Amino acid sequence: MFTAGSIIMAIATGLGILITGRVIVGLAIGLASSTVPVYLGECAPVEIRGRVLGSFNAFVVFGQILAALLDGAFFYIRDGWRIMLAFGAVFSTLQLIGLIVLPESPRWLYKQGRERDAVKILKKLRGSENVRSDIREIRGALEDQASQLSLAQILRSPGITRALSLGMGIMALQQFAGINTVMYYSATIFKFAGFGSGD
C-alpha cells in the first residue's frame with residue numbers, strides 16, 4: 001500500500017489523484033502503526049520488550065526527521081515534490097523485501113494450533129533451546145484473553161469510559177492544535193517566514 005500510494009502521488013496529474021494516493025498511504029500508515037508494535041511485542045523477549053517498542057517509536061520520529069530533510073533537499077528542484085513523494089516507494093519497497101525474511105509471530109502460530117512452529121521460531125529468535133517459559137507466557141496470555149469481558153461490558157465500566165474519553169480527547173486536541181500541519185508543511189512555513197530567502 002505504501003509503494004502504490006507513493007507512486008500514485010508522484011505521478012498525479014490532478015488534485016483528486018494526489019488525494020487518492022495520500023488516502024492509500026494514510027491507510028498504510030494506520031495499519032503499520034497498529035500492527036508493527038504488536039508484532040514486535042510478540043517477538044521480543046520480556047526483558048527487552050519495552051526497549052524494543054521504545055526503539056520503534058524513536059525510529060518513527062527519526063523517519064519523520066529524515067523525511068523533512070529530504071523534503072528540504074527537493075524543495076527548490078523543479079517538480080521536486082514528485083521526487084520527494086516517490087522516495088516513499090523506495091523505502092517501502094526496501095521494507096517489503098525485509099518482510100520476506102521476517103518470521104511469523106510465535107503467539108499467532110501458537111493460537112493457530114501450530115505449537116511446534118511457534119517453538120521453532122522462538123528458538124531462532126531467542127538463540128536458545130530453552131523456550132518453555134516463553135511458551136508458558138503465550139499460553140497464559142491466550143487463556144487470559146479468552147476469559148476477558150466483551151467490548152460492550154468493558155465500555156460500560158465508568159473507569160474505562162473515562163480513560164477512553166480522555167485518550168480520544170487528547171488525540172483530537174493534538175489534531176486540532178495543528179502539529180501535523182507544522183510537521184508536514186514546515187518547509188513552506190519556513191519559506192513564508194523568510195528563512196532561506198537570502199535576506
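The values are calculated or read from the model by the stated rules, or taken from the named source; none is laboratory data. These figures come from a predicted structure and were not determined experimentally. Here Cβ is always computed from backbone atoms with ideal geometry, including for glycine, and neighbour counts include all displayed protein chains. Just so you know, the surface numbers come from the protein's heavy atoms only, side chains and all, with ligands and any DNA or RNA stripped out. Shrake-Rupley method; radii C 1.70, N 1.55, O 1.52, S 1.80 Å.
Some points to look at:
- Check on VAL52, out of contact with any Ser or Thr (no Cβ under 9 Å at 6 or more places or on another chain), β-branched (Val, Ile, Thr), open to solvent by less than 70 Å² (accessible area, probe 1.4 Å) and assigned to a helix (DSSP H, G or I): yes
- Exactly one residue out of ALA12, ALA28, ALA58, ALA44 is over 14 Å from the mean Cα position of the chain (by Cα), over 29 Å from VAL119 (Cβ atoms) and open to solvent by less than 70 Å² (accessible area, probe 1.4 Å), and it is ALA12.
- Of the residues making up region 62-102, those that are among the β-branched types (Val, Ile, Thr) and in a helix (DSSP H, G or I) are ILE65, ILE83, VAL90, THR93, ILE97, ILE100, VAL101.
- Condition check for LYS191: open to solvent by 70 Å² or more (accessible area, probe 1.4 Å), over 30 Å from LEU66 (Cα atoms) and part of a helix (DSSP H, G or I): no
For every residue, the table says whether it meets (1) modelled with pLDDT under 80; (2) farther than 21 Å from ALA4 by Cβ.
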site	(1), (2)
VAL61	no, yes
PHE91	no, no
GLN95	no, no
PRO103	no, yes
TYR110	no, yes
ARG116	no, yes
GLU129	yes, yes
SER147	yes, yes
